[in-house]
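Heads up, the thing below is written out as structure tokens.
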Amino acid sequence: MKILVVDDESDVQVLFEQRFRREIRSGALSFSFAFSGEQALDYLHEHHSEVVLILSDINMPGMSGLELLRRVRTEAAPPPPPRVMMITAYGDDDSRRQALALGADDFLTKPVDFAALKEKLLALPA
Amino acid sequence: MASGNEFMDTALGLGLVYWGRKALDLPTRLPTWDRWLTRLWQPAAVIIVLGVVVGGPVVGWFDDLFIGAMMALGAAVGWRLRAYRPAFWVGVGLAPYALYMVLGVLLRLSGRDVLHTLDSGGNLETLLVLWTGSLFFVARSQHKTLAAEAQRRLEAEQEQRRILSQNHSLEHEVNQRTAALAQQTDALRTTLQELRDTQEQLIQAEKMASLGELTAGIAHEIQNPLNFVNNFAEVSSELAQELAEERARPTRDPELEAELLADLKQNLQRIGQHGKRAAGIVRGMLEHSRASTGERQPTDLNALCDEYLRLAYHGLRAKDKSFNATLQTDFAPVLPLVEAVGQDLGRVLLNLFTNAFYAVRQRQLAATEPGYAPTVSVRTSYRDREVQVVVHDNGTGIPEAVRAKIFQPFFTTKPSGEGTGLGLALSHDIVVQGHGGALEVASEEGAGTTFTIKLPV
């Protein structure tokens with residue numbers, strides 16, 4: 001299962017690779033990384049329908065996570081549409097409502113509980 | 001003269017005496033003489049009674065003697081009072097006539113009335129009368145002149161007294177005014193001190209207000225590195241656990257062990273990095289809230305711009321989650337360090353960035369341009385011994401009428417309670433007075449605003 005992680009902090013990549021090292025090693029999960037909303041869109045355009053899940057930070061310079069979500073949900077893409085999980089440091093109801101209204105499948109707050117995230121990811125239908 | 005009512009001259013002479021006393025003001029000028037003169041009515045009365053009862057040449061003789069004596073007295077008074085010019089001329093006027101009269105009486109007494117024989121036509125007496133009359137006239141006009149002069153002097157004295165008293169009252173008034181002014185000056189000085197204190201408090205309040213704006217940004221900025229510290233610490237203990245398990249296996253995988261060790265080492269470095277990052281943010285926050293030491297130190301403006309751009313952005317985002325903007329940085333690769341009070345310049349930058357974000361947010365909220373992308377950029381450059389920091393936004397822009405006032409203290413276009421109106425005023429002070437630089441603004445309404453900080457190196 002291919003997951004695209006979008007965050008402007010580059011260390012997120014190392015963190016995910018280590019947190020999910022067993023799953024990556026076993027081939028259960030595979031990660032790609034983008035460091036901005038724009039990069040994420042470019043990646044999605046190049047890798048149609050490979051990405052099953054997008055994990056995106058909301059607060060990023062330039063295109064925000066919510067804008068990315070809106071673009072993903074409105075742009076015509078070959079089915080099936082990817083699942084989208086939003087992550088934010090500001091875990092307020094307003095952002096959550098907005099994210100869900102724009103078509104997010106889940107809403108996580110920082111600091112991310114990796115154990116819970118792992119369970120969620122593994123529970124997803126591949 | 002010696003005909004008709006022989007005593008008429010006496011009555012006339014007495015009248016003249018009384019008139020002369022008044023005219024020459026003898027009661028004050030010659031009080032002793034005047035007392036005697038007032039008694040002249042007694043001999044005059046005797047002559048008049050004699051004239052009425054007896055009549056005849058003897059009375060005429062007395063009458064002439066009396067008149068002559070009166071004239072002689074008048075001449076004496078004139079001499080005595082010669083310093084008083086009218087009296088002197090009266091004396092001069094009377095003296096010949098008196099001499100004529102007395103001489104006449106004495107000659108008649110001696111039986112040789114030569115004078116009356118010589119002057120039988122009365123020409124000499126007429127001449128004497130004219131002489132006396134004209135000198136009386138002279139005396140009178142002189143008296144008038146003197147009186148007018150005295151009046152003028154009196155008036156002048158009165159005027160002087162009036163001026164003097166006016167001076168007095170003016171002086172009094174001036175003293176009162178001076179006292180009032182001194183009091184006012186004291187009051188103003190106190191007020192000035194109060195204003196200075198208030199200004200200090202306001203500057204501190206402005207600092208605290210901007211700190212408040214920062215707090216959320218700072219929390220966000222700290223939370224990210226802290227999350228990394230926690231995550232890398234956790235994942236590292238997992239790695240250590242895995243390494244231990246690996247080493248306990250009968251068939252060990254040296255490659256995997258090396259990889260785990262390398263990851264562990266990297267993670268420790270990352271923990272250190274993110275820990276330092278958080279510490280740096282806290283230090284920056286403390287520096288911002290502390291009163292400025294005013295000490296200049298070589299400062300890296302690129303780093304300062306980067307730090308405050310992020311803080312300002314996250315600060316605004318914390319208050320307004322739906323806000324997003326593109327941040328563009330264009331830092332000069334080689335920028336000399338500037339002797340600056342980093343904390344103060346940080347406040348200036350924070351202010352400019354906050355304003356820039358506010359402007360793009362306002363334009364975005366107007367929601368009239370679908371493709372609008374809020375953008376705030378900062379560019380640094382160095383040329384001709386001058387470092388420039390250019391903060392640009394594509395926000396609402398500043399109307400020309402407002403542009404002239406933006407550096408004035410307490411001027412704000414923000415809704416009441418949202419801005420202190422001190423941000424740009426203090427920024428201007430810090431750049432211009434604190435660092436000998438310049439803070440310039442260029443703006444186009446509806447297109448954006450550019451603030452340029454110029455600092456000498």
Of all DSSP beta bridges in the protein assembly as shown, antiparallel share, percent nearest 5 | 50 percent
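As an exercise, use a Förster radius of 30 Å and the Cβ-Cβ distance of residue B:230 and residue A:49 to find the FRET efficiency, rounded to the nearest 0.05.
Details: r = 35 Å, r/R0 = 1.17.
Efficiency for this residue pair is about 0.30.
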For residue B:257 and residue B:200, what does the FRET efficiency come to when R0 = 60 Å and r is the distance between their Cβ atoms, rounded to the nearest 0.05?
-> 0.40
Gain in length, residue B:49 to residue B:76, computed as 0.36 nm per residue apart minus the alpha-carbon separation, to one decimal in nm?
-> 7.0 nm
Burial-style ranking of B:304-310, B:323-329, B:444-450, average other-beta-carbon count within 10 Å with highest first, yields B:304-310, B:323-329, B:444-450
Note to self, chain B gives a 222 nm [θ] from helices alone (DSSP H runs n ≥ 4, -39500 (n - 2.57) apiece, / all residues, nearest 500) of -24000 deg cm²/dmol
Considering only DSSP beta bridges with both partners in segment B:266-399, what is the antiparallel share in %, to the nearest 5?
-> 70 percent
Take the alpha-carbon centre of segment A:23-93, take the same for segment A:95-122, and report the distance between them in whole Å.
-> 12 Å
Subtracting the Cα-Cα distance of residue B:152 and residue B:334 from 0.36 nm times their residue separation yields 56.1 nm
Take each uninterrupted DSSP H stretch in chain B, measure its Cα extent along the helix axis, and return the ones at 30 Å or beyond whose mean Kyte-Doolittle hydropathy is at least 1.0.
-> B:57-80, B:85-109
Förster-model FRET efficiency, 56 Å R0, residue B:295 and residue A:23, C-beta, rounded to 0.05 | 0.55
Shape call, segment B:8-162: gyration tensor on alpha carbons, a/c limit 1.5 = prolate
Mean-position separation - Cα centroids, segment B:420-454 and segment B:309-352, in angstrom = 14 Å
Quick one: dipole size for segment A:16-63, taken about the Cα centre, charges +1 on Lys/Arg Cβ and -1 on Asp/Glu Cβ, in debye to the nearest 20.
-> 380 debye
With only helices counted (DSSP H, runs n ≥ 4, each -39500 (n - 2.57)), the per-residue ellipticity at 222 nm for chain A, to the nearest 500, works out to -12000 deg cm²/dmol
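Bear in mind these aren't lab numbers, they're just calculated from the coordinates by the rules spelled out. Since the structure is predicted, the reported quantities are computational estimates derived from the model, not experimental observations. Backbone-built Cβ (ideal geometry, glycine too); neighbour counts: all protein chains shown.
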